[in-house]
Each structure stands twice: as structure tokens, then as C-alpha cells.
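Contents: one structure, followed by commentary.
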Amino acid sequence: MKIRKAKIKDLDILEIISKEQFKVKKLQPRFKLLLKDNSYHIQIIEEKGAVIGFIIIKFLYENLIDIYSIAIKKEYQNRGYGYKLLSRVLKNFHKYKITLEVSEDNVAKKLYLKCGFKIDSVRKGYYGNNDAILMSFYKLEPGSEES
Ligand SMILES: CC(C)(COP(=O)(O)OP(=O)(O)OC[C@H]1O[C@@H](n2cnc3c(N)ncnc32)[C@H](O)[C@@H]1OP(=O)(O)O)[C@@H](O)C(=O)NCCC(=O)NCCS
């Protein structure tokens, strides 16, 4: 298993995974643009040399980032890869506050709770029948206090 920064050469496989996992077109990340945009950072996870998933981070402010998207190929889901990928991001960006939004019925909510995200607020009926859950993760530096 390897986690690394995505490159232009990964474009095709990123789009394939995205189309498989996000049936609604507007949820499919536009990788061609994102790979060239410095406000986004894409990490991919590989198994035996094959790309099996990605995570996209969006830099919002100096110390604030957002989990823009995460997906693992169907046949590799529920085997801990999403956890490994997100954990790596939390480790690499430990000085940042990290936010995200997820539909209450999405299994990703369990992944985020498992990784230590806390629920900040709920947007009732944001996705029609389902609520949107706003979550955040902030690992305070030892000795520091939340203001
Ligand atoms: C969300 C997603 C990235 C999770 O990745 P994953 O590799 O399958 O997740 P993991 O195997 O690391 O599981 C992490 C936790 O999520 C939960 N989980 C994952 N898949 C699950 C499933 N099929 N059923 C029930 N719980 C599940 C479990 O609580 C699990 O922890 P546990 O095994 O200790 O109980 C993956 O399901 C996916 O690509 N979904 C489609 C795209 C999507 O909706 N992305 C999120 C919104 S942007």
C-alpha cells in the first residue's frame, strides 16, 4: 500500500473512480482543473501499483482546510483503505483545522467519526430527505488552548 500526491498521469484513473463512485455528475470532481489549482491537493492510495482511491483537500484559509471529496474503488471498500488515506491527511495536516460536510445517510460519516471528527451542526433536509452534517477535526498542539 502506498499513499502519494496525484499527478497529471493519474487523471484517467481518477476520473474512472470518480464516475463509478459519484453517479450524480455535479458531485464528480473536475480533476483536470483541480490538479493545476494550488488551492487543492489530491492524494491517492495505491495497492500493488494500482490506484484504488483518492482524497481531495481544499485550502480555505491559512490554517483551515476542507475535505472536498474522498472515494475508494468499490471492490476495495470496507477494507480500511479510506481510513488509511484520511488518517494520513490528518497526520500531514495536523496543524490545520479540517472541516467537511456529509449527508447523514452516507457511510463516510462513520469513517469521519472513526477518525475523530466531531459534529458541529446539522443542515436539516439539505439533501432532500437527508440532513447535511457539518463536521470538523482539530488536533490542538500540546500546551495550547482553544480560543
Ligand atoms: C466513504 C468511503 C471513502 C469509505 O472508504 P472505505 O475504504 O470503504 O472505508 P474503511 O474501510 O476505511 O471504513 C471506515 C469505517 O467506515 C465504516 N464503513 C465503511 N464501509 C462500510 C460499509 N460498507 N458498511 C458499513 N460501514 C462501513 C465502518 O465504520 C468503518 O470502520 P470499521 O471497519 O472499523 O467499522 C467509501 O465508502 C466510498 O468511496 N464511498 C463512495 C464515495 C463517497 O460517498 N464519498 C464520501 C463523500 S465525498
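The values are calculated or read from the model by the stated rules, or taken from the named source; none is laboratory data. Computed from a prediction, not measured in an experiment: that's the story for all the values here. Every residue, glycine as well, gets a Cβ built from its backbone with ideal geometry; the counts of neighbours run over all protein chains shown.
Could you run through the range 38-50 and say how many residues are in a loop (DSSP other than H, G, I, E, B) and under 17 Å from the mean Cα position of the chain (by Cα)? Qualifying residue count for the region: 2. Look through LYS109, LYS124 and report the one residue that is surrounded by fewer than 12 Cβ atoms within 10 Å (Cβ to Cβ), at pLDDT 95 or above, touching a strand residue (DSSP E or B) at 6+ places or on another chain (Cβ under 7 Å) and not in a loop (DSSP other than H, G, I, E, B). Sole residue among the options that is surrounded by fewer than 12 Cβ atoms within 10 Å (Cβ to Cβ), at pLDDT 95 or above, touching a strand residue (DSSP E or B) at 6+ places or on another chain (Cβ under 7 Å) and not in a loop (DSSP other than H, G, I, E, B): LYS124. Within the range 21-35, one or more residues are among the basic types (Lys, Arg) and within 11 Å of the ligand (Cβ to nearest atom).
Out of the range 4-20, which residues are surrounded by 15 or more Cβ atoms within 10 Å (Cβ to Cβ), out of contact with any Pro (no Cβ under 7 Å at 6 or more places or on another chain) and more than 17 Å from ASP37 (Cα to Cα)? Of everything in the range 4-20, those that are surrounded by 15 or more Cβ atoms within 10 Å (Cβ to Cβ), out of contact with any Pro (no Cβ under 7 Å at 6 or more places or on another chain) and more than 17 Å from ASP37 (Cα to Cα) turn out to be ILE13, ILE17. Tell me, please, whether a residue that is surrounded by fewer than 13 Cβ atoms within 10 Å (Cβ to Cβ) and over 18 Å from LEU134 (Cα atoms) can be found in the range 88-100. Scanning the range 88-100, I find at least one residue that is surrounded by fewer than 13 Cβ atoms within 10 Å (Cβ to Cβ) and over 18 Å from LEU134 (Cα atoms), so the answer is yes. Within the range 68-99, the set of residues being farther than 22 Å from GLN28 by Cβ and of a type in the set (A, V, I, L, M, F, W, C) comprises LEU90, PHE93, ILE98.
Beta carbons closer than 7 Å, at least 6 apart along the sequence or on distinct chains, pair a first residue in the range 102-117 that is closer than 14 Å to ASN130 by Cα with a second that is more than 6 Å from the ligand (Cβ to nearest atom) and part of a helix (DSSP H, G or I) for VAL102/LYS109; VAL102/TYR112. When LEU134, LEU90 are checked against the criterion of being within 16 Å of the ligand (Cβ to nearest atom), at pLDDT 95 or above and not in a strand (DSSP E or B), LEU90 stands alone in meeting it.
Could you tell me whether any residue of the range 71-78 is at pLDDT 95 or above, more than 23 Å from LYS2 (Cα to Cα) and of a type in the set (Gly, Ala, Ser)? Within the range 71-78 (the criterion being at pLDDT 95 or above, more than 23 Å from LYS2 (Cα to Cα) and of a type in the set (Gly, Ala, Ser)), the answer is no, since none of the residues qualifies.
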